[in-house]
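Have a look at the structure below, then the notes.
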Amino acid sequence: MKLKRVVKWKVSWYQVIALFFSGVIGFGLAMLAVTPELRSLFDPAYWGAMSRIEESLRLTHSKYVDENESGFGELADRAIDGMVTGLDRHSSYYPPVQYKAFQDDTHRRYLGVGVMIRNVEKGVLLTKVFAGGPAEKAGLKVGEFILEVDGESVEGLELDEISSKVKGEKGTFVNLLILD
């Protein structure tokens, strides 16, 4: 005769909780391994740079004469813009309002010529020419500048004003004077 031994395993809440937290910690470590943005949180150079940026932001905000120009939001946008545009001519930063306009463009809520533009010190820069769009077919290239829209200078205009001049209903035409 054979004896059958039955072993009952009782799981306690402590074990369930320990297993859950082990999974969470394991997932977190896996994310650190595959996400460079998270790894930077453990880099002393990152915290040194953040300290310098924080101090500059705080001092500029408190010492600059024009409070309208030195709000934290404006200063952050300027700092991010300088950091990103300083990388190369293809990199750019859009503050929230301009980013919403960019989102409108990408969701095709209105039609344009198939370019992304940016107001820079030298003028209105073409930052992207969409493949297959009218701008690409007309030979426009990234790095060129728009000088006029339908015979009107764009100098001194805000980006949204220029953008609305370039947009139109399907089948309409616009004339751009381009500086390459």
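So if I check each of Glu158, Glu152, which one is of a type in the set (Asp, Glu) and within 30 Å of Phe72 (Cβ to Cβ)?
Sole residue among the options that is of a type in the set (Asp, Glu) and within 30 Å of Phe72 (Cβ to Cβ): Glu158.
If you check Arg89 against the conditions, is it touching a residue at least 40 places away in the same chain (Cβ under 8 Å), under 22 Å from Val124 (Cα atoms) and among the basic types (Lys, Arg)?
Answer is yes for this residue.
Would you check if Ser70 is among the hydroxyl-bearing types (Ser, Thr, Tyr), outside any loop (DSSP other than H, G, I, E, B) and outside the structural domain of Glu158 (by TED's automatic domain parsing)?
Working: among the hydroxyl-bearing types (Ser, Thr, Tyr): yes; outside any loop (DSSP other than H, G, I, E, B): no; outside the structural domain of Glu158 (by TED's automatic domain parsing): yes.
In short, no.
Six or more apart or on different chains, Cβ atoms under 8 Å: show the pairs whose first residue is in the stretch 131-159 and assigned by TED's automatic domain parsing to the domain that holds Asn119 and of a type in the set (Gly, Ala, Ser) and whose second is surrounded by fewer than 11 Cβ atoms within 10 Å (Cβ to Cβ) and in a loop (DSSP other than H, G, I, E, B).
Gly143/Asp180; Gly151/Asn175
Of everything in the stretch 137-164, what is outside any strand (DSSP E or B) and among the hydroxyl-bearing types (Ser, Thr, Tyr)? Give them in sequence order.
Those that are outside any strand (DSSP E or B) and among the hydroxyl-bearing types (Ser, Thr, Tyr): Ser163, Ser164.
For the stretch 127-141, which positions are more than 17 Å from the chain's Cα centre (by Cα) and at negative phi?
Of the stretch 127-141, the ones more than 17 Å from the chain's Cα centre (by Cα) are 129-141.
Within the stretch 127-141, Val129, Phe130, Ala131, Gly133, Pro134, Ala135, Glu136, Lys137, Ala138, Leu140, Lys141 meet the criteria.
Among (1) crowded, with 16+ Cβ neighbours inside 10 Å; (2) in a loop (DSSP other than H, G, I, E, B), where does Arg118 come up short?
All conditions are met except number (2).
Name the pairs whose Cβ atoms lie under 7 Å apart, with the first residue in the stretch 41-53 and free of Cβ contacts under 8 Å to residues at least 24 places away in the same chain, the second assigned to a helix (DSSP H, G or I) and surrounded by 10 or more Cβ atoms within 10 Å (Cβ to Cβ), and 6 or more positions between them or separate chains?
Note: pairs meeting the criteria are Tyr46/Ser40.
The values are calculated or read from the model by the stated rules, or taken from the named source; none is laboratory data. Computed from a predicted structure; not experimentally measured. Every residue, glycine as well, gets a Cβ built from its backbone with ideal geometry; the counts of neighbours run over all protein chains shown.
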